[in-house]
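Asks: Pasting in a structure now, in structure tokens, and then I'll have a few things to ask.
The values are calculated or read from the model by the stated rules, or taken from the named source; none is laboratory data. Here the structure is a predicted model, which means the values were calculated and not measured. Reconstructed Cβ throughout: ideal geometry from the backbone, glycine too, with neighbour counts over all protein chains shown.
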Amino acid sequence: MLPTELLINRQNGETIIPKRLPINSEICAIATELIACFQNAVGSTQGDLDRQLSEFEGDSPDYRVKRGLAHILKSSFCTFEVVSPLEPKELRQRVFTLSAQAVPSHQASEATLETLSITLSKELNHEVLPQQIRVGLYADLQENRILTQFEDPAPEALIHRYNLSQVQGIFYRASQMALNAHRNVPGEYKLLFRYLKLFQLMTYVEGDADHGFTITIDGPTSLFKPSTRYGLAIAKLLPALLHVTKWSLSATLQSRDPYSGVPKTGRFSLNDRCGLETHYPPGKPYDSMLEAAFANRWEALKTEWILEREVDLIPIPGSVMIPDFRLVHPDGRTFLLEIIGFWRPEYLQKKFAQVRRAECENLIIAISERLNLDKAGVKVANVPAKVIWFKDKLSPKAVLEVLE
């Protein structure tokens, strides 16, 4: 994402409009030249790269656009490493200790490097040259890090990433965001809720799978003390949201006038027709090897029961529970299956609390015997669901016995 100083937007009334670059020959040419600059800098220091980028910017009035594109390349597609025979701090200590034994001079410095190179070559079992010591002495400074790898994107992909970053920056100062996830494929819901949990966002969920969900997210400026870090967490949610087919959102933004310092309110809205592209990977077919193995074994089972993946959601107050599988019989009977394998005590407490609050009559829970439920403070007897115990693998036949 982009830092605040590289965000470009304008305000029309209370509506905030972020900068978006068109994908045309002019912008693609700028992106191509920047990418080539990074390609040529592989093996050079970050300081050398920064000087080339500064020359590329020149006195152009669109320097913030070029700087923003370069920032994305540097932060998302580059690998910078400290290249030194030893940790630079330790190397400096060795050099300074050795050099203190002689009167400072050019000849003494060269002798010190030569002596230490022989010593380190023996210690490390490979040749260490004096020049490597000289380079590694301050290799931990940011400008001395070496660009060792660059994953060059297509120019269009870089522009899409820039446009997404400009929109993400809008949420840095959000006081509240209302997200409407309309009727979608349940697997898309699960991916969205997983990212909500991953970024530790404070949410309140209303709705159901048939009509969609309304998710209210408190922003950083709604806290006792505004937190840019929390605003970044909201911004990180946007690429995950782009995996959902139908959605819309509206956000209330709080900022201060840069001249008067007077607080002012802004509005921003977005929907699934925004034209942004995500770089987040799509959701995995299965959350674990345990689930994948169970699904594969079920296919070999001769039964009329059909196993479906993540196609039902159970609304609970303020949240939602998404079972792993749904089992459907041709006569209309339906059961939901949740597999609880190897998890931390905190997760187990939350998961079983969800099961109790859901009060779902057709829910089956498969629980690993390896779990220490007593340590987690979980009482299975209090769970309103059918329970199956398993050891290493969940047997489809055991589930079938419960169904029949």
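Asks: Quick check, is residue 30 assigned by TED's automatic domain parsing to the domain that holds residue 161, over 25 Å from the mean Cα position of the chain (by Cα) and either in a helix (DSSP H, G or I) or under 24 Å from residue 151 (Cβ atoms) (or both)? Can you show your working first?
Replies: Values: assigned by TED's automatic domain parsing to the domain that holds residue 161: yes; over 25 Å from the mean Cα position of the chain (by Cα): yes; either in a helix (DSSP H, G or I) or under 24 Å from residue 151 (Cβ atoms) (or both): yes.
So residue 30 fits the description; yes.
Asks: Go through region 87-98 and report how many residues are touching a Pro at 6+ places or on another chain (Cβ under 9 Å) and part of a loop (DSSP other than H, G, I, E, B). Talk me through it step by step, then tell me what you get.
Replies: The initial filter retains those residues of region 87-98 that are touching a Pro at 6+ places or on another chain (Cβ under 9 Å), namely 91.
With the extra rule that they be part of a loop (DSSP other than H, G, I, E, B), the set shrinks to none.
Summing the residues that are touching a Pro at 6+ places or on another chain (Cβ under 9 Å) and part of a loop (DSSP other than H, G, I, E, B) in region 87-98 gives 0.
Asks: Restricting to region 50-86, give me the number of residues that are of a type in the set (Ser, Thr, Tyr) and assigned to a helix (DSSP H, G or I).
Replies: Applying the first criterion (of a type in the set (Ser, Thr, Tyr)) to region 50-86 yields 54, 60, 63, 75-76, 79, 84.
Next cut, assigned to a helix (DSSP H, G or I) only: 54, 63, 75-76.
Looking only at that region, the number is 4.
Asks: Of all residues being under 17 Å from residue 10 (Cβ atoms) and either surrounded by fewer than 16 Cβ atoms within 10 Å (Cβ to Cβ) or modelled with pLDDT under 80 (or both) in region 248-268, which is farthest from the chain's Cα centre (by Cα)? Just the residue, please. Give the derivation first.
Replies: Going through region 248-268, the residues under 17 Å from residue 10 (Cβ atoms) turn out to be 251, 253, 255-259, 264-268.
In the following step, the residues that additionally are either surrounded by fewer than 16 Cβ atoms within 10 Å (Cβ to Cβ) or modelled with pLDDT under 80 (or both) were identified as 255-259, 264-265, 267.
Numbers: 255: 26, 256: 29, 257: 31, 258: 31, 259: 35, 264: 30, 265: 28, 267: 25 Å.
Result: 259.
Asks: Report whether or not residue 59 is among the charged types (D, E, K, R), surrounded by fewer than 18 Cβ atoms within 10 Å (Cβ to Cβ) and either in contact (Cβ under 8 Å) with a residue 12 or more places away in the chain or outside the structural domain of residue 172 (by TED's automatic domain parsing) (or both). Write out each step before concluding.
Replies: Details: among the charged types (D, E, K, R): yes; surrounded by fewer than 18 Cβ atoms within 10 Å (Cβ to Cβ): yes; either in contact (Cβ under 8 Å) with a residue 12 or more places away in the chain or outside the structural domain of residue 172 (by TED's automatic domain parsing) (or both): no.
The answer is no for residue 59.
Asks: Say whether the condition of being closer than 23 Å to residue 1 by Cα, modelled with pLDDT under 80 and not in a helix (DSSP H, G or I) is met by at least one residue in region 212-219.
Replies: yes
Asks: State yes or no: is residue 39 out of contact with any helix residue (DSSP H, G or I) (no Cβ under 9 Å at 6 or more places or on another chain) and in a strand (DSSP E or B)? Talk me through it step by step, then tell me what you get.
Replies: Numbers: out of contact with any helix residue (DSSP H, G or I) (no Cβ under 9 Å at 6 or more places or on another chain): yes; in a strand (DSSP E or B): no.
No; evaluated as a whole, the condition is false for this residue.
Asks: Is at least one residue of region 43-50 at pLDDT 95 or above and in contact with a Phe, Trp or Tyr (Cβ under 8 Å, 6 or more places away or on another chain)?
Replies: Yes, region 43-50 contains a residue that is at pLDDT 95 or above and in contact with a Phe, Trp or Tyr (Cβ under 8 Å, 6 or more places away or on another chain).
Asks: Go through 76, 84 for me and flag whichever is among the hydroxyl-bearing types (Ser, Thr, Tyr) and closer than 30 Å to residue 236 by Cβ.
Replies: On the way: 84 fails: closer than 30 Å to residue 236 by Cβ.
Just one listed residue meets the conditions, 76.
Asks: Moving on. For a quick check of your reading: which helices (runs of 4 or more DSSP H) sit entirely within region 99-184 and have at least 2 residues that are within 39 Å of the chain's Cα centre (by Cα), at pLDDT 95 or above and surrounded by fewer than 20 Cβ atoms within 10 Å (Cβ to Cβ)? Before the answer, list the steps.
Replies: Working: elements: 106-124, 130-136, 155-170.
Correct list: 155-170.
Asks: Name the single residue that is farthest from residue 160 (Cα to Cα) among those in region 271-288 being at pLDDT 90 or above and surrounded by 14 or more Cβ atoms within 10 Å (Cβ to Cβ).
Replies: Taking region 271-288 as the starting set, the residues that turn out to be at pLDDT 90 or above are 271-279.
The next check asks that each one be surrounded by 14 or more Cβ atoms within 10 Å (Cβ to Cβ); those that pass are 272, 274, 276-278.
On the way: 272: 15, 274: 12, 276: 7, 277: 6, 278: 8 Å.
Here the residue is 272.
Asks: In the set 313, 394, 400, 337, which member is closer than 30 Å to residue 180 by Cα, at pLDDT 85 or above and either surrounded by 14 or more Cβ atoms within 10 Å (Cβ to Cβ) or charged (D, E, K, R) (or both)?
Replies: 337
Asks: Next up: Could you list, in sequence order, all residues of region 10-27 that are closer than 25 Å to residue 169 by Cα and part of a helix (DSSP H, G or I)? Walk me through how you get there before you give the answer.
Replies: Of all residues in region 10-27, those closer than 25 Å to residue 169 by Cα come to 10-24, 26-27.
Passing the criteria: 26, 27.
Asks: Hey, residue 322 hits all of (1) more than 30 Å from residue 374 (Cβ to Cβ); (2) at pLDDT below 75 but one; which does it fall short on?
Replies: Of (1) more than 30 Å from residue 374 (Cβ to Cβ); (2) at pLDDT below 75, only one is false for residue 322: (1).
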